């Protein structure tokens, strides 16, 4: 998914599966990154507190 | 002497956010110095992505060529390099797990705890330094790819944007790997745990071959798949 976004940006829309746009792939990749960060940052801080203190 | 003391107390009494930011900078720098001062490790870890690019280009290149879309200009290296950029951004994020586990095992984190510093800085400093390292790795990979025939088909800006997207993805995973490193704690076990997560994610994706040929469920094209 991120690979497709990166590829779209570097090779152009022709490198993506037919009918898909570079913008959609990039948006999706960034959305996933944001979602993973949003979940994992609090989780990591909590785990750190528990592990260390 | 006096200035040092003044700076130290200024840091200790600076308001929360500014202090956290300073602590993050200090720890990022510390982790990066760690990398630079172990040139052996640095060398070995930069060889791996280069080996991946060269090996896959020449091993898979001939066989996969016919399945590639025309936008690659008929060259597998053009297909492979963007994919590997995404993959190694993920691998770079995985380094967070072993870095944290290492610091835990060696008591470095116990030492940090005894200092008047922000708690979040230990995690943020680690993820930032891994991000910086990934930036270096990805730049190196693009350079090596260029040497063996990789050319962007859009523009240089497209390449930069692509690297940025890959890095943001790797940075997000860096935090997930931080959780893993803190839970698993020993460096050896972390290696194994990281592979369990990273390899399925890395290979059930369009990194190496166009994903349309994969069976439903493995195909990473649907938006529900967080693979690189």
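The values are calculated or read from the model by the stated rules, or taken from the named source; none is laboratory data. Keep in mind the model is a prediction, meaning the values are calculated, not measured. Cβ placement follows ideal geometry from the backbone for every residue including glycine, while neighbour counts extend to all protein chains displayed.
Could you please find all residues in segment B:73-87 being in a loop (DSSP other than H, G, I, E, B) and either free of Cβ contacts under 8 Å to residues at least 60 places away in the same chain or at the interface with another protein chain (Cβ under 8 Å from one of its Cβ atoms) (or both)?
Within segment B:73-87, just B:74 meets the criteria.
If I go through segment B:179-188 residue by residue, how many of them are more than 16 Å from the chain's Cα centre (by Cα) and without any contact (Cβ under 8 Å) to a residue 24 or more places away in the chain?
Residues in segment B:179-188 being more than 16 Å from the chain's Cα centre (by Cα) and without any contact (Cβ under 8 Å) to a residue 24 or more places away in the chain: 2 in total.
One line per residue, one yes/no per condition, for (1) in contact with a strand residue (DSSP E or B) (Cβ under 8 Å, 6 or more places away or on another chain); (2) modelled with pLDDT under 80; (3) within 30 Å of residue B:150 (Cβ to Cβ):
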position	(1), (2), (3)
A:1	no, yes, yes
A:5	no, no, yes
A:24	no, no, yes
A:32	no, no, yes
A:40	no, no, no
A:45	no, no, no
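Condition check: loosely packed, with under 15 Cβ neighbours inside 10 Å, at pLDDT 80 or above and in a helix (DSSP H, G or I). Does residue B:171 satisfy that?
no
Failed condition for residue A:40, given (1) surrounded by 22 or more Cβ atoms within 10 Å (Cβ to Cβ); (2) under 30 Å from residue B:106 (Cα atoms), with all others met?
Residue A:40 satisfies all of (1) surrounded by 22 or more Cβ atoms within 10 Å (Cβ to Cβ); (2) under 30 Å from residue B:106 (Cα atoms) except (1).
Would you mention how many residues in chain A are part of a loop (DSSP other than H, G, I, E, B) and facing chain B (nearest Cβ under 7 Å)?
3
Name the residues in segment B:181-196 that are surrounded by fewer than 24 Cβ atoms within 10 Å (Cβ to Cβ), part of a helix (DSSP H, G or I) and in contact with a helix residue (DSSP H, G or I) (Cβ under 7 Å, 6 or more places away or on another chain), would you?
Correct list: B:183, B:184, B:187, B:191, B:193, B:194.
If I filter segment B:44-51 for residues that are within 11 Å of another protein chain (Cβ to nearest Cβ), in a helix (DSSP H, G or I) and over 16 Å from the mean Cα position of the chain (by Cα), do I get at least one hit?
No; the residues of segment B:44-51 include none that is within 11 Å of another protein chain (Cβ to nearest Cβ), in a helix (DSSP H, G or I) and over 16 Å from the mean Cα position of the chain (by Cα).
Suppose we filter B:161, B:172, B:176 for residues that are within 9 Å of another protein chain (Cβ to nearest Cβ), under 25 Å from residue A:38 (Cα atoms) and without any contact (Cβ under 8 Å) to a residue 60 or more places away in the chain; which single one remains?
Only one candidate passes the filter, namely B:161.
Only one of these conditions is not met by residue B:216: (1) at pLDDT 75 or above; (2) more than 9 Å from chain A (Cβ to nearest Cβ). Which number is it?
Failing condition for residue B:216: (1).
Those residues that are assigned to a helix (DSSP H, G or I) and in contact (Cβ under 8 Å) with a residue 12 or more places away in the chain, I need them from segment B:141-158; list them, please.
B:141, B:142, B:144, B:145
Scanning segment B:108-118 for residues that are more than 7 Å from every other protein chain (Cβ to nearest Cβ) and farther than 15 Å from residue B:34 by Cβ, which turns out surrounded by the fewest Cβ atoms within 10 Å (Cβ to Cβ)?
That would be B:114.
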